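Chemist: Sending over a structure as C-alpha cells; questions will come in a sec.
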Amino acid sequence: MTRKTVRRAAGPAILLALIAVATWPLTVGGRIIARGDLLLYFYPLRDFAAQAVREGRLPLWNPYTFMGAPFLANSQAGFFYPFNLLLAWLPADQAIAWQIPLHLAIAGLGAWLLARKGFGLRPRGALVSGLAFGLGGYLGAQVEHINQVQALAWLPLMVLCALRLVETAAAGDRRAGLRHALRLAVLIALQAFAGHTQSLYISLLTVGLAAVLRIALAGRSAWRARPVALTVLLVAGAGVLGGLLAAAQLLPTLELSGQSARAGGLPLNEVGSFSWRPWVAARALLPTLGDPLFPEYVFTLGFSGLGLALAGVILPGRDGGARSGRAFGLLLFGVGVVLALGIATPLFNVLYRFLPGFNLFRAQARWLIMAALGASVLIGRGAEALSDPATPRRWRVLGLAWLGVLGVIVAGLVLGARLSPEAEYRGLPAPAIVQAWVALAAMASLLIGLGVFAPRARAGVALAFPIVLGIELLLTAQGQPYTRTSDRGALTDLRPATTHLLVEYEQRGAQGRVLALSGLFFDPGDLPEQRLIYASALGADGFYDRIIAAKHKEILSPNLSLYYRLPSLDGYDGGLLPLRRYVDYVSAFVAREKGGTLDGRLRETLNGVPAERWLDATATRFVIADKTADVFIDGVYYDLLFTAPLAARAEIALRPYASTSLGIVLAAPPGTTRLPFTATVAGADGAPRIVAGLALSPTFATRLDLGGRHTPLTLTLETPTGSALRALTSIDASDGTFLSQALGGEQDLRLVYSGDVKIYENAHAAPRAFVQAADGARRPVDLHDDSPERVRVSVPSGAGGQLVLRDACYPGWVASVDGREVAISCVDGFFRGIDLPAGAQDVVFRYAPGVVNAGLILSLLALLAVAIIGRRVAAR
C-alpha cells in the first residue's frame, strides 16, 4: 500500500473509528435502545417484516393493530429497504442496533465525499465536514426514528450526484451526466424504500436547491438553453426513474394514502406542530450533555463547530465560483433554519397554501437536516481555511464575529430561559452542564484568540481545532439517544400479564381482540428485584427505560400487540395509518378534543370501558386496566374500575366465596353526605340475611356483617335514586383473605387475571365472524386458516343472510363463496361483509392487492433499465 493510498484512506478511517467509539454500546456492548418509537413502533414493525423475510413471503396485511391494516403499504415498515432485508436474520432489536452506526457512517462518509468531490476540500476539511454531519447533534438525535436516519444518511451523496450532474451537463458531457443521473435515481429509490416520506421530500427540495445554486454560480456557460435543458431533463429523469425503482413500495403506499386519515393534507395547526422553538435555539446548538432537550429540537454544532463554521464564512479559501462551499453552506443553513422555525415565520403560511406536499407533514423542525448539511460544509471549509493565508484584518473580523456569536448564545440562553412558554425550558440547565459549556467555549475562544493575536500559532490552531471538534462531538455523543441503552431483556423478557394473554390465545385458542385502558402510573411488583439485578449495570437512565418498558409490555401499549402477535383494537402510527374508516368508526365511542385528531392510542382518549355494544361490535374479548384508581380500605382491596348504577332495588350475582362480611363502596348523588341503604344477602347455606346500613362520605364504604362464615350468592341493594355501586369485595375475617367481586358494569366483564394490572374477559364476547339472518338473528360460523392475508369461514348449512367478518374493510380484499367470487361491502362503514346465499358452505377472504404486483413489475423493469443503461454508459 502506497503512502498516497494511506493518506487517502486516513480520513474515512478516522471518521469510521470515531463513529464506532461513539456507538459502541449498541454494537460490541450488546445493548439496545428500549424506549420511545423504537420500542413501541419500529421493533414490532421490523420483527413482523423480518419473520416474513425468513419465511420467504410478502407481509401484505397486519391483523394485529387497528382491527387490521395494510402492512407492506405502510412505507415506515421499510420492507424493501436493502439493509433491512440483509439483516432480517437478526432479531429486530439487534438489527436496528447495528443499523444506527452503519447509517451514521454512511452519512459521515457521504458528507466527506461531498466535501472532497463536490467542493474540492482537502483531506482535513473533508474529514471535519464528515465528522460534523455524521456525529453532529441533529442526525444522532433522530435515531429513535430509525427510518428517518436511514433515509437522511443518503442525503450528502444525493446532493453530490446533483452537483456533478449540473457540472457535466454544463460542460456538454451527456455520458457523465447520465451516469450521475442513474446514481441519483438509485439514491432516491433507497430513500423511498427506507420509508420516511418527509425525509425524501426534504431531500428532494435540498437537491433541487443545491442544483439551482450550482447553475447560478457556474457562469454564463451553464445558463445557455442546451445545458439548462439537459440538466432539467436529467434531474427529472432521475426523479422518475427513482420513483419507478421504488414502485414496489410507492404504488401500495399511494393507494394507502388515499384511504388514510391524512388524505387531503393536515390542518394548519398540525403541520405547524413541533416547529423549532426560538427560545430553545441557543441551547439546541450546544452539546446536550444530559440537558433534557426534545430530540426534534437538537441541532448541536458545539462551540468548536460554530467557530469553524464562522471561519468558513469569513476566512478566504481555495474554493470559489461554481464550487463555492461558502455559498452552498450559507444557503442551506439559512433556508433550513427558516423552514425549521415553521409557524414562527410568515413564510410558513405561504408554503402551507402554495407548496405542493408541504401540508402532508408535521414536525417542521426536521428541516434542520438541510441546515446541518450546510453547516457541515462550512465547518469543513473553516477547518481548511485556518491553514490558508489570510490578512490580519480577516482574522480580526473573525475574532469580533466570534465575540458576537458568544453574545448571541448567552442572550439566547438567558432570554429563552425567562421567556419560554414551555415550563420544561424555563431556567438554565444544571450547573454542571453550564460549566461544561463555559469550558468548551473557553477552549474555542482560546484557539480563535491565538489565531488573531499570534499569527505564528495559526498552523497549530489549524491542527488543534479539528481535534477539539472531535473531542466535543464525542462528548456530545454521550448525551445522544444511541448511548442511552438498556439490556435486550427490556424488550424480550415476558411480563406476567402478557404471558397470560399469550396462553389464552396460543394454547386455549381464544378469539377476539384486546383493548388496553391502563396508563403507566403504576410500579411493577418486581421493581425491587429488578433494581437489585440491573440498576448498577445499566445506570440510572438505562434502568429507568427498562422499568418503563416493563410497564408498556404489561399493558400491551400500541404497537406491542404486533410484536406479540396479539390482535388489538388499538394501534399507533402517526404516518399514513390509521385508516380514515377506522378514525370515523372509533370516533363514535371515543371522545376527542375539538379540532384534534385520532391516530390510535385509545387509552389516552377513552374515559372508561366502552359500552357493551361497542365491545361486541369490535369483537373485543379482553380489557386491560391498571389498579391506580383502586383502593385498599382497612386492608381490603376494592376494584373501582366499574360503576354499576343502582335502581331503587338492584340484585347483584356473586362469585361463590366463603365470607364473614361483604365490603361495599357506593357512589352517592351530588351533595349527599349520608347514604342509607338496605341489603339482602342470600346464599345456598341459609335464609337470606337483611342488613340496614349507612354509608358516609367521603368514601361511602361500609361492611355488611354476615353473622358467621357463609357463601353468599346474591346481594340485593335498596338505595336512594341516583346511587351507584362502585366496588364489592367478599371478606373472610377468619383467615384475612378476600375476593374482589368484579362488577363488570353493563359489559359483564369477568376478572381473569390480577397482578400489576388487571385483565377482564368479556363473558359473552361477540364472535369475530357471524351470519346476520334476515330475521335479525346472528348465527355463529367457524374460522379456519386464519392467517394475515387469508381467512376461511365455514358456514352452517342453510345459513343465508349477510356474513360479517369484523376485520378492516380495505381495497384489495376479495371474497369467494364456494369458489365463486363475490363483492365485499363495508359493514358499519368499516368491517367486511358479503351477501351469503342460502346453502353456501365455504367462504374465503383473501388479500390480493393488484398494486403490489404492478409495483414489483415496474421496479424490476426499472432495475433492468438501470443495469442496461449503466453498462452502456460505462462501456463508452
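The values are calculated or read from the model by the stated rules, or taken from the named source; none is laboratory data. Just so we're clear, the structure is a prediction, and the values are computed from it rather than from any experiment. Glycine gets a Cβ as well: all are built from the backbone with ideal geometry, and neighbour counts include every protein chain shown.
Chemist: Does the range 220-234 contain any residue that is part of a helix (DSSP H, G or I), modelled with pLDDT of 90 or more and under 28 Å from LEU184 (Cα atoms)?
Modeler: Yes, some residue in the range 220-234 is part of a helix (DSSP H, G or I), modelled with pLDDT of 90 or more and under 28 Å from LEU184 (Cα atoms).
Chemist: Let me ask something else. Going through the range 400-432 one residue at a time, which ones are touching a residue at least 12 places away in the same chain (Cβ under 8 Å), among the charged types (D, E, K, R) and not in a helix (DSSP H, G or I)?
Modeler: GLU422
Chemist: Still on this structure: Could you please find all residues in the range 326-346 being closer than 11 Å to SER275 by Cβ, crowded, with 20+ Cβ neighbours inside 10 Å and of a type in the set (Gly, Ala, Ser)?
Modeler: Of everything in the range 326-346, those that are closer than 11 Å to SER275 by Cβ, crowded, with 20+ Cβ neighbours inside 10 Å and of a type in the set (Gly, Ala, Ser) turn out to be ALA340, GLY342.
Chemist: Of a type outside the set (Val, Ile, Thr) and under 47 Å from the mean Cα position of the chain (by Cα) - does that describe any residue in the range 686-693?
Modeler: No, the range 686-693 has no match at all.
Chemist: Continuing with the same structure: Look at ASP570 and say whether it is part of a helix (DSSP H, G or I), touching a residue at least 60 places away in the same chain (Cβ under 8 Å), within 26 Å of SER754 (Cα to Cα) and among the acidic types (Asp, Glu).
Modeler: no
Chemist: Now for a separate question. Looking only at the range 503-532, which residues are modelled with pLDDT of 95 or more, under 20 Å from ASP570 (Cα atoms) and surrounded by fewer than 21 Cβ atoms within 10 Å (Cβ to Cβ)?
Modeler: Matches in the range 503-532: none.
Chemist: (1) part of a helix (DSSP H, G or I); (2) of a type in the set (A, V, I, L, M); (3) over 30 Å from SER129 (Cα atoms): which one isn't true of ALA20, the others all being true?
Modeler: All conditions pass for ALA20, except number (3).
Chemist: Which residue is surrounded by the fewest Cβ atoms within 10 Å (Cβ to Cβ), if the candidates are limited to the range 28-54 and must be farther than 19 Å from GLN148 by Cα and modelled with pLDDT under 95?
Modeler: Taking the candidates together, the pick is VAL28.
Chemist: Looking at (1) of a type in the set (Gly, Ala, Ser); (2) out of contact with any helix residue (DSSP H, G or I) (no Cβ under 8 Å at 6 or more places or on another chain); (3) buried (at least 24 other Cβ atoms within 10 Å of the Cβ), which is the only condition ALA236 fails?
Modeler: Evaluating ALA236 over (1) of a type in the set (Gly, Ala, Ser); (2) out of contact with any helix residue (DSSP H, G or I) (no Cβ under 8 Å at 6 or more places or on another chain); (3) buried (at least 24 other Cβ atoms within 10 Å of the Cβ) leaves (3) as the failure.
Chemist: Right, GLY137: crowded, with 24+ Cβ neighbours inside 10 Å and assigned by TED's automatic domain parsing to the domain that holds ALA10 or not?
Modeler: Yes; evaluated as a whole, the condition is true for this residue.
Chemist: Still on this structure: Which of (1) in a helix (DSSP H, G or I); (2) of a type in the set (A, V, I, L, M); (3) touching a residue at least 40 places away in the same chain (Cβ under 8 Å) is the odd one out, the single condition LEU289 does not satisfy?
Modeler: Condition (1) is where LEU289 drops out.
Chemist: Here are some conditions: (1) crowded, with 22+ Cβ neighbours inside 10 Å; (2) at pLDDT 95 or above; (3) part of a helix (DSSP H, G or I). PHE83 meets all but one. Which one does it not meet?
Modeler: It is condition (1) that PHE83 fails.
Chemist: Follow-up. Can you name the number of the only condition in (1) surrounded by fewer than 17 Cβ atoms within 10 Å (Cβ to Cβ); (2) without any contact (Cβ under 8 Å) to a residue 40 or more places away in the chain that VAL804 fails?
Modeler: (1)
Chemist: Right, another one. Please find, among GLN802, GLN772, the residue that is within 24 Å of ARG613 (Cα to Cα), of a type in the set (S, T, N, Q), in contact with a Lys or Arg (Cβ under 7 Å, 6 or more places away or on another chain) and at pLDDT 85 or above.
Modeler: The unique qualifying residue is GLN772.
Chemist: Next up: Go through the range 715-736 and report how many residues are among the aliphatic types (A, V, I, L, M) and not in a strand (DSSP E or B).
Modeler: Residues meeting the conditions: 1.
Chemist: What residue, of ARG214, ARG164, is in contact with a helix residue (DSSP H, G or I) (Cβ under 9 Å, 6 or more places away or on another chain) and either surrounded by fewer than 24 Cβ atoms within 10 Å (Cβ to Cβ) or small (Gly, Ala, Ser) (or both)?
Modeler: That would be ARG164, the only listed residue that is in contact with a helix residue (DSSP H, G or I) (Cβ under 9 Å, 6 or more places away or on another chain) and either surrounded by fewer than 24 Cβ atoms within 10 Å (Cβ to Cβ) or small (Gly, Ala, Ser) (or both).
Chemist: Now a separate question. With respect to ALA477, determine if the residue is surrounded by 14 or more Cβ atoms within 10 Å (Cβ to Cβ), touching a helix residue (DSSP H, G or I) at 6+ places or on another chain (Cβ under 6 Å) and without any contact (Cβ under 8 Å) to a residue 12 or more places away in the chain.
Modeler: no
Chemist: Just wondering, is there one or more residues in the range 369-377 that are within 23 Å of PHE299 (Cα to Cα), at pLDDT 90 or above and either among the charged types (D, E, K, R) or touching a strand residue (DSSP E or B) at 6+ places or on another chain (Cβ under 6 Å) (or both)?
Modeler: no
Chemist: Turning to a different aspect of this structure: I'd like to check something: does the range 35-45 contain any residue that is of a type in the set (A, V, I, L, M, F, W, C) and more than 17 Å from the chain's Cα centre (by Cα)?
Modeler: No, the range 35-45 contains no residue that is of a type in the set (A, V, I, L, M, F, W, C) and more than 17 Å from the chain's Cα centre (by Cα).
Chemist: Going through the range 812-834 one residue at a time, which ones are touching a Pro at 6+ places or on another chain (Cβ under 8 Å) and either assigned to a strand (DSSP E or B) or exposed (fewer than 15 other Cβ atoms within 10 Å of the Cβ) (or both)?
Modeler: VAL817
Chemist: Still on this structure, please answer the following. Return the residue satisfying two criteria in turn: it lies in the range 377-399 and is in contact with a Lys or Arg (Cβ under 9 Å, 6 or more places away or on another chain) and assigned to a helix (DSSP H, G or I), and of such residues it is nearest to ARG122 (Cα to Cα).
Modeler: GLU384
Chemist: Given the criterion more than 43 Å from the chain's Cα centre (by Cα) and either within 24 Å of ASP634 (Cα to Cα) or basic (Lys, Arg) (or both), identify the matching residue among GLY722, GLY755, GLY736.
Modeler: GLY736
Chemist: Here's another thing I want to ask about it. Please pick out the residue among LEU266, LEU256 that is touching a residue at least 12 places away in the same chain (Cβ under 8 Å), touching a strand residue (DSSP E or B) at 6+ places or on another chain (Cβ under 7 Å) and either part of a helix (DSSP H, G or I) or over 27 Å from ALA439 (Cα atoms) (or both).
Modeler: LEU256
Chemist: May I pose another question? Within the range 770-802, can you find the residues that are outside any strand (DSSP E or B) and on the phi > 0 side of the Ramachandran plot?
Modeler: GLY776, GLY798
Chemist: Test of understanding: among SER740, SER794, SER754, which residue is among the small types (Gly, Ala, Ser) and either over 30 Å from VAL681 (Cα atoms) or buried (at least 23 other Cβ atoms within 10 Å of the Cβ) (or both)?
Modeler: Answer to the check: SER794.
Chemist: Follow-up question, since we're still on this one. May I ask you to list the residues in the range 629-658 that are acidic (Asp, Glu) and closer than 27 Å to LEU606 by Cβ?
Modeler: Scanning the range 629-658 gives ASP630, ASP639.
A quick yes/no check of all residues on (1) outside any helix (DSSP H, G or I); (2) within 30 Å of CYS826 (Cα to Cα):
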| position | (1), (2) |
| --- | --- |
| GLU529 | no, no |
| SER536 | no, no |
| ASP541 | no, no |
| ALA550 | no, no |
| LEU562 | no, yes |
| LEU577 | yes, yes |
| ASP584 | no, yes |
| VAL609 | yes, yes |
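Chemist: Closer than 30 Å to VAL28 by Cβ, surrounded by fewer than 18 Cβ atoms within 10 Å (Cβ to Cβ) and not charged (D, E, K, R): which single residue out of ALA459, ALA535 fits that description?
Modeler: Checking each option against the conditions leaves just ALA535.
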